[in-house]
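Below you'll find the structure, written out as structure tokens, and then a few comments.
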Amino acid sequence: MLSRPRVPNISLSVRAIAPAAPVRARLQLLRQSTARANLSTSTPLRTADDRLTSHTKLPPYHPVGVARALQASPTTSPVGPTIFAHEFSLADRVALVSGAHRGIGLEMALAFIEAGARAVYCVDLPKTPDESWVKVREHARALAGAGRSGAGAGGEGRLEYVSADVRDQDGMWKVGKTIGDREGRMDACVAAAGVLPARPEPCLTHSAEQFQAVSVAVLDVNVRGALFTAQAAGQQMARFGRGGSVILMASVMGHGMSKDTAFMSYSASKSAVLQLARSMACELGPQGIRVNSISPSAIRTPMMENVLSPVPGAEKAMAEAHVLGRIGRADELRGVVVWLASDASSFCTGSDFFVSGGYQGV
Ligand SMILES: NC(=O)c1ccc[n+]([C@@H]2O[C@H](COP(=O)([O-])OP(=O)(O)OC[C@H]3O[C@@H](n4cnc5c(N)ncnc54)[C@H](O)[C@@H]3O)[C@@H](O)[C@H]2O)c1
């Protein structure tokens with residue numbers, strides 16, 4: 001896992017750069033609607049333009065909840081619920097997800113599409129996506145085409161593949177800018193690219209050479225890569241002025257002790273990710289850019305299989321370390337990530353959320 005070659009050149013797929021006309025049209029719309037919103041002086045704005053000018057104003061579908069109930073008139077037909085149609089909806093949103101060729105990242109990307117996202121850009125190392133990824137993309141397209149994603153009729157549901165290395169800061173910034181230029185917005189980001197050392201690192205004998213070869217490589221992807229990914233998306237969120245949600249993938253191993261493991265660089269990297277999220281949250285809050293982290297315990301993905309499968313009995317022991325008595329599934333992160341990306345979590349920032357099945361090390 002750690003010996004992957006660097007991929008210095010960003011190669012956005014042809015799909016990701018092809019249709020220039022719709023982009024121009026969207027940017028034109030963006031400019032028009034921003035101009036319209038700026039003209040309004042007397043009444044509070046409650047239109048779709050609201051989100052374009054300030055993240056501090058209420059979204060156009062407000063009031064919600066009790067305020068909506070109290071505003072309803074007994075003489076008119078009941079107003080519809082907003083909780084799933086609006087607060088949890090990602091309709092028309094655009095997202096960047098790193099490590100989204102497989103595992104947790106790909107699961108997050110598809111969850112965004114199901115919740116209505118217009119396009120999710122999946123950044124990962126392979127030059128071209130494999131068959132499984134392509135099949136997921138076709139599924140997403142079919143859902144949206146049938147009007148069955150959270151966007152309803154007319155949803156695009158595009159999964160776009162981008163070959164890039166999260167350790168390449170210039171490359172990642174270019175990826176972010178290309179997405180911003182093309183889509184005219186950036187709403188959500190999940191930094192899910194990550195690596196685990198191929199072998200345990202016994203702390204008393206971990207040599208300087210091993211530290212350089214293994215630990216630095218882990219920190220490089222898990223910390224620098226998370227920062228560069230968050231920068232790539234965050235710069236575009238700041239550019240469009242609508243705020244946004246950045247989600248960093250941490251781990252229970254960044255918090256507490258994990259008995260019978262010797263992965264100090266991984267644990268240190270995930271502790272750093274937790275603080276990175278809090279620090280970025282403080283700095284970006286005034287721009288309405290929320291930054292949170294998620295801390296899963298053991299989730300069945302290729303990364304976890306690589307750890308468990310070589311050691312007899314490891315899977316059983318790992319399952320028993322969870323209060324729920326089992327390892328988690330990647331799809332069990334769908335709820336929390338959609339919630340964090342959506343307006344439903346609009347007052348959450350600088351927080352970490354355990355998805356751990358009651359892991360004993362937490
Ligand atoms: N699976 C778990 O049990 C678990 C638990 C806690 C946290 N996490 C974290 O969740 C995230 C996703 O893990 P996963 O289990 O899906 O792992 P995974 O190995 O299955 O997927 C990780 C993806 O990241 C990509 N990647 C690695 N280095 C990259 C780079 N330099 N640039 C771009 N992409 C790169 C890989 O190619 C891969 O597709 C990681 O940050 C991991 O540390 C996983």
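The values are calculated or read from the model by the stated rules, or taken from the named source; none is laboratory data. Small disclaimer: the values here were computed from a predicted structure and weren't measured. Note that each Cβ is placed from the backbone with ideal geometry, even for glycine, and that neighbours are counted across all protein chains shown.
Of the listed requirements (1) outside any helix (DSSP H, G or I); (2) at pLDDT 95 or above; (3) within 14 Å of the ligand (Cβ to nearest atom); (4) not polar (S, T, N, Q), residue 197 misses just one: (2).
The set of residues from segment 262-303 being over 22 Å from residue 232 (Cα atoms), away from the ligand (no atom under 13 Å from the Cβ) and touching a helix residue (DSSP H, G or I) at 6+ places or on another chain (Cβ under 9 Å) comprises just one member, 264. Hey, among 85, 100, 95, which residue is within 24 Å of residue 240 (Cβ to Cβ), modelled with pLDDT under 95 and of a type in the set (Gly, Ala, Ser)? On inspection, the qualifying residue turns out to be 85.
Within segment 77-104, restricting attention to residues that are within 16 Å of the ligand (Cβ to nearest atom) and in a loop (DSSP other than H, G, I, E, B), the residue that is farthest from residue 237 (Cα to Cα) is 102.
Residues in segment 240-251 that are buried (at least 24 other Cβ atoms within 10 Å of the Cβ) and hydrophobic (A, V, I, L, M, F, W, C): 246, 247, 248, 249, 250.
The requirement of being surrounded by 13 or more Cβ atoms within 10 Å (Cβ to Cβ), within 16 Å of the ligand (Cβ to nearest atom) and modelled with pLDDT of 50 or more is fulfilled nowhere in segment 53-63; no residue meets it.
Rundown of residues vs (1) surrounded by 15 or more Cβ atoms within 10 Å (Cβ to Cβ); (2) farther than 16 Å from residue 200 by Cβ, yes/no style:
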| position | (1), (2) |
| --- | --- |
| 272 | yes, yes |
| 277 | yes, yes |
| 286 | no, yes |
| 291 | yes, yes |
| 295 | yes, yes |
| 299 | yes, yes |
| 308 | yes, no |
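In summary, residue 242 fulfils each of the numbered conditions (1) more than 19 Å from residue 98 (Cα to Cα); (2) in a strand (DSSP E or B) with the single exception of condition (2).
Just one of the numbered conditions (1) in a helix (DSSP H, G or I); (2) more than 8 Å from the ligand (Cβ to nearest atom); (3) more than 20 Å from the chain's Cα centre (by Cα); (4) not hydroxyl-bearing (Ser, Thr, Tyr) is not true of residue 306: (2).
Scanning segment 200-217 for residues that are in contact with a Leu (Cβ under 7 Å, 6 or more places away or on another chain) and modelled with pLDDT of 90 or more yields a single hit, 217.
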